[in-house]
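The values are calculated or read from the model by the stated rules, or taken from the named source; none is laboratory data. Since we're looking at a predicted model, the values are computed, not measured. Note: ideal-geometry Cβ built from the backbone for every residue, glycine included; neighbour counts use all protein chains shown. With ligands, DNA and RNA removed, areas are computed over all heavy atoms of the protein, side chains included. Shrake-Rupley method; radii C 1.70, N 1.55, O 1.52, S 1.80 Å.
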Amino acid sequence: MNLTSVHEWGFFTLPRPMVIAGPCSAESEEQVLETARGLNAFGIHVFRAGVWKPRTHPGSFEGAGTPALKWLQKVKSEFGMKVATEVAGARHVYECLKYGVDMVWVGARTTANPFLVQEIADALEDTDIPVLVKNPVNPDLDLWIGALERLNRAGVTKLGVIHRGFSTSQKIAYRNDPIWKIAIELRTRFPELPFFADPSHMGGSRAYLQEISQRALDLGLEGLMIESHCDPSCALSDAKQQLTPPELKTMLESLIVRDNDTDDDAYRSGIDALRSRIDVIDEGLLAALASRLEVSKKIGAYKKEHNIAIIQASRWDSILEKMIAEGEKLGLSRDFIITVFNAIHDESVRVQKL
Ligand code: PEP
Ligand code: MN
């Protein structure tokens, strides 16, 4: 992907985390300006507010629409903040461009729809504003990457992502399931994409904002998008998950930002020593796996000679039960042992067939 570094966007001042904050929805001029004033007072410079809201049920507040864009203009002129909102189609993009919105994001429901993403990408052609892409509602990494590719092909180089968790039918404490491994995979594939977490929509409740934000920082993500409302109890959408600006300040101050890397010599020699130990153990594991496979091959040949079937389920079940019991004594989890030994068994069956 052809990307412009986030440091050249002129939006965020270091250090980490880069924070985007503001209400779920822009509800009135007073609410927008009062929230922005509270955020600006402690150094938040990028303001979010939903202007068009994708709601599950009809009849819920669906956003103030185009008039709200004038309130965002006031946030820019009064406080010098950058403003961002969600777009879900070409018309939204044109309205945003007309009113000078600085950055847009593609919401989770829209990322899941390639027709709409393409329409947004086409509408953004020849513009220069940054676009953040939330993960699709369903845990499909390719769909997320596909949306990024569509925008990038249309010439959007100021691109970033927002991880807001995935819909799930399982009963979990959070509103959306983080499935962090999908975020980590995306991060590994595109390390240069600025990466935000959205603890508000992931947690769905004020109670989880701190732990999710800390987790995101511990995983090395660069930014947070958090909902903040001057009076959350009166919010017309997502009331349970919003913080007042002073509460957000306190929460952000409680976060521990760990360095992604460091030049500190003491740390370096400590981590190098531990990594060397891991390397030695990994070599031992490889050697053990190779000799186990050698024996498997011999067993395969021996079974063939005596006309015996390769897979003998009862023998495998008893090995696995024994390994689980032994492993648990050593502090290894049952799931981990099952995963490792099933992989070993599959390979063993494969070489016995050769
Ligand atoms: C939002 O940011 O207010 C929003 C609707 O988010 P999502 O697309 O993650 O549901
Ligand atoms: Mn919301």
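Which ones in region 196-208 are within 15 Å of ligand 1 (Cβ to nearest atom) and either over 20 Å from VAL137 (Cα atoms) or crowded, with 23+ Cβ neighbours inside 10 Å (or both)? Result: PHE196, ALA197, ASP198, PRO199, SER200, HIS201, MET202, GLY203.
Given the criteria over 20 Å from PHE196 (Cβ atoms) and loosely packed, with under 14 Cβ neighbours inside 10 Å, does GLU78 qualify? So GLU78 fits the description; yes. Taken over region 186-207, the criterion of being over 8 Å from the mean Cα position of the chain (by Cα) and within 16 Å of ALA147 (Cα to Cα) is satisfied by LEU186, ARG187, ARG189, PHE190, LEU193, PRO194. Among the criteria (1) open to solvent by 10 Å² or more (accessible area, probe 1.4 Å); (2) of a type outside the set (Val, Ile, Thr); (3) part of a loop (DSSP other than H, G, I, E, B); (4) within 22 Å of SER254 (Cα to Cα), the one GLN170 does not fulfil is (4). When region 146-174 is examined, which residues are found to be more than 16 Å from ligand 2 (Cβ to nearest atom), under 16 Å from PRO194 (Cα atoms) and in contact with a helix residue (DSSP H, G or I) (Cβ under 7 Å, 6 or more places away or on another chain)? If the condition is that a residue be more than 16 Å from ligand 2 (Cβ to nearest atom), under 16 Å from PRO194 (Cα atoms) and in contact with a helix residue (DSSP H, G or I) (Cβ under 7 Å, 6 or more places away or on another chain), then ALA147, LEU151, VAL156, LEU159, GLY160, VAL161 are the ones that fit.
So, ASP142, is that one open to solvent by 30 Å² or more (accessible area, probe 1.4 Å) and either within 16 Å of ligand 1 (Cβ to nearest atom) or within 18 Å of the chain's Cα centre (by Cα) (or both) or not? Answer is yes for this residue. Kindly list the number of the only condition in (1) under 28 Å from HIS229 (Cβ atoms); (2) away from ligand 1 (no atom under 15 Å from the Cβ); (3) open to solvent by less than 10 Å² (accessible area, probe 1.4 Å) that fails for VAL104. The number of the failed condition is (2). Scanning region 249-288 for residues that are of a type outside the set (Ser, Thr, Tyr), in a helix (DSSP H, G or I) and touching a helix residue (DSSP H, G or I) at 6+ places or on another chain (Cβ under 7 Å) yields a single hit, MET251.
Anything in region 213-251 that is buried (at least 22 other Cβ atoms within 10 Å of the Cβ), among the aliphatic types (A, V, I, L, M) and away from ligand 2 (no atom under 11 Å from the Cβ)? List them, or say none. Answer for region 213-251, where residues must be buried (at least 22 other Cβ atoms within 10 Å of the Cβ), among the aliphatic types (A, V, I, L, M) and away from ligand 2 (no atom under 11 Å from the Cβ): ALA216, LEU221, LEU224, LEU248.
Filter region 321-353 for residues that are aliphatic (A, V, I, L, M) and either surrounded by fewer than 11 Cβ atoms within 10 Å (Cβ to Cβ) or within 22 Å of LEU286 (Cβ to Cβ) (or both) and give the result. First the steps, then the outcome.
Here is the first cut: in region 321-353, the ones aliphatic (A, V, I, L, M) are 323-325, 330, 332, 337-338, 340, 343-344, 349, 351.
Answer for region 321-353, where residues must be aliphatic (A, V, I, L, M) and either surrounded by fewer than 11 Cβ atoms within 10 Å (Cβ to Cβ) or within 22 Å of LEU286 (Cβ to Cβ) (or both): MET323, LEU330, LEU332, ILE337, ILE338, VAL340, ALA343, ILE344, VAL349, VAL351.
Here ASP263 passes the criteria (1) more than 16 Å from ligand 1 (Cβ to nearest atom); (2) surrounded by 10 or more Cβ atoms within 10 Å (Cβ to Cβ); (3) not aromatic (Phe, Trp, Tyr) except the one numbered (2).
Taking region 58-69 as the range and being in a loop (DSSP other than H, G, I, E, B) and either touching a strand residue (DSSP E or B) at 6+ places or on another chain (Cβ under 6 Å) or under 19 Å from TYR99 (Cβ atoms) (or both) as the test, the residues that pass are GLU62, GLY63, ALA64, GLY65, THR66.
Matching residues to (1) assigned to a loop (DSSP other than H, G, I, E, B); (2) open to solvent by 40 Å² or more (accessible area, probe 1.4 Å); (3) in the same structural domain as THR188 (by TED's automatic domain parsing):
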position: MET1; (1), (2), (3): yes, yes, no
position: GLY10; (1), (2), (3): yes, yes, yes
position: PRO15; (1), (2), (3): yes, yes, yes
position: ILE20; (1), (2), (3): no, no, yes
position: GLU30; (1), (2), (3): no, yes, yes
position: LEU33; (1), (2), (3): no, no, yes
position: ARG37; (1), (2), (3): no, yes, yes
position: TRP52; (1), (2), (3): yes, no, yes
position: THR56; (1), (2), (3): yes, yes, yes
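When residues in region 33-89 are screened for being of a type in the set (S, T, N, Q) and away from ligand 1 (no atom under 13 Å from the Cβ), 5 of them pass.
Criterion first (farther than 18 Å from LYS158 by Cα and open to solvent by 50 Å² or more (accessible area, probe 1.4 Å)) does PHE115 satisfy it? It would help to see each step written out before you state the result.
Details: farther than 18 Å from LYS158 by Cα: yes; open to solvent by 50 Å² or more (accessible area, probe 1.4 Å): yes.
Here the answer is yes, as PHE115 does meet what is asked.
Any residue in region 154-167 that is surrounded by fewer than 16 Cβ atoms within 10 Å (Cβ to Cβ), in the same structural domain as ARG91 (by TED's automatic domain parsing) and within 15 Å of ligand 1 (Cβ to nearest atom)? Yes - at least one qualifying residue is present in region 154-167.
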